[in-house]
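The values are calculated or read from the model by the stated rules, or taken from the named source; none is laboratory data. Everything numeric here is computed off the predicted structure, so don't read it as measured data. Counting neighbours? That spans all protein chains shown, and the Cβs are built from the backbone with ideal geometry, glycine included. These area figures cover heavy atoms from the full protein model, side chains too; ligands, DNA and RNA do not enter into them. Shrake-Rupley method; radii C 1.70, N 1.55, O 1.52, S 1.80 Å.
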Amino acid sequence: MTTLAHIINTPLRLLLTAAAWIVMSACAVAQNNPYKISDRLYPLYQRAFQQRVRKEGIALADQLYAEAVRLHDGKARCLARTIPMLNHYNLKDDDQAFYRAVDDLKAESIATGFKQYYYYALSQKVNYLLNSGNDFEAFTTAQDMTDKAQKEHDIMGVYYGLNSVAQVHLARKEILLAINTLEEVKDITTRYLPEQDIATVYRKLADCYNQQFDYERSYLTAKTGYGYAKTNATRL
């Protein structure tokens with residue numbers, strides 16, 4: 001016979017059981033790493049990234065992707081897709097393979113909801129086009145990316161888009177346009193994206209002032225950026 005105490009305690013037991021599962025799940029996919037992916041996957045991503053210009057890197061990326069799917073880690077899936085793209089970007093061995101890798105990363109970012117990787121893929125495409133001497137298509141891609149992000153009110157997309165526009169201006173030696181765009185990026189980063197490493201923006205601004213032979217301003221800008229740097233790479 002069901003007692004009143006049993007009725008009262010059943011929801012409590014269910015809540016405690018659910019809480020226990022939540023704690024266990026959190027421990028299983030702990031995210032004590034810079035990319036906030038499963039700690040189980042982070043060492044594998046590090047190895048894949050270190051080997052990104054070799055075939056071993058592609059194999060490790062495939063392994064990372066399979067494990068990320070198994071652990072339901074969408075961000076790790078996106079990171080796995082970055083490795084083939086970076087492989088072809090650095091080796092410059094196959095244009096079509098690079099563009100397919102860009103499309104794969106874009107599709108993965110949409111499927112997992114990590115939209116920042118959609119714009120990261122496009123920003124790498126812009127850089128690839130610039131390195132190939134196709135600055136017109138690079139600018140069109142960067143501007144379209146910015147327009148799309150603004151239309152969707154995606155602040156991270158605007159950040160990537162304007163950064164890419166500035167990169168095109170720098171490549172074209174359009175220094176004043178680059179400075180104006182980078183100042184806009186700096187404002188967006190400071191106000192809305194404090195987690196982003198703004199030191200990279202200051203580095204590009206310092207480069208602009210250097211090209212204007214304004215060495216004192218270049219130095220002060222670089223010094224300010226150094227103070228904001230969040231990683232050893234951006235400090236360097």
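Numerical summary
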item: Karplus (6.51, -1.76, 1.60) ³J(HN,Hα), θ = phi - 60°, over the stretch 159-166, in Hz, Gly and Pro reported as x; result: 4, 5, x, 5, 4, 5, 4, 4
item: Environment charge of residue 99, counting only residues whose C-beta is closer than 14 Å and scoring Lys/Arg +1, Asp/Glu -1; result: -1
item: CD proxy at 222 nm, helix term only [per DSSP H run n ≥ 4: -39500 (n - 2.57); per residue of the chain; nearest 500]; result: -26000 deg cm²/dmol
item: Residue 75 accessible area, assembled protein chains, probe 1.4 Å, Å²; result: 40 Å²
item: Residue 152/residue 94 FRET efficiency (R0 25 Å; Cβ-Cβ; nearest 0.05); result: 0.20
item: Point-to-point label distance, residue 191-residue 175, nm (Cα→Cβ direction, 7 Å offset); result: 2.8 nm
item: Theoretical FRET efficiency, 1/(1+(r/R0)^6), r = Cβ-Cβ of residue 69 and residue 132, R0 41 Å, to 0.05; result: 0.80
item: Residue 85 - accessible surface, heavy atoms, 1.4 Å probe, Å² rounded to 10; result: 0 Å²
item: Sequence-distant aspartates and glutamates (8 or more away, or on other chains) whose Cα lies within less than 12 Å of residue 36; result: 73
item: Helix axis angle, 135-151 relative to the chain longest principal axis, alpha carbon, degrees; result: 40 degrees
item: Heavy-atom accessible area ranking, 1.4 Å probe, most first, across 99, 45; result: 99, 45
item: Residue 46 versus residue 140: modelled label distance in nm, points set 7 Å from Cα along the beta carbon direction; result: 4.3 nm
item: Per-residue HN-Hα couplings for the stretch 77-83 [Karplus 6.51, -1.76, 1.60; θ = phi - 60°; Hz; x = Gly/Pro]; result: 4, 5, 4, 4, 6, 6, 5
item: Full-extension gain in nm, residue 219 to residue 31, via 0.36 nm per residue minus C-alpha separation; result: 64.0 nm
item: Separation in nanometres of the label points that stand 7 Å from Cα toward Cβ, at residue 233 and residue 55; result: 2.6 nm
item: Tilt relative to the chain, helix 175-192 - C-alpha long axis, 0 to 90 degrees, to 10; result: 20 degrees
item: Among 37, 49, 210 the positive-end extreme of the charge dipole of the chain (Cβ point charges); result: 37
item: Angle in degrees between helix 116-131 and the longest Cα principal axis of the chain, rounded to the nearest 10; result: 30 degrees
item: Cα-only Debye scattering, the stretch 83-146: base-10 log of I(q)/I(0) at q = 0.18, 0.22, 0.29 Å⁻¹; result: -0.61, -0.88, -1.25
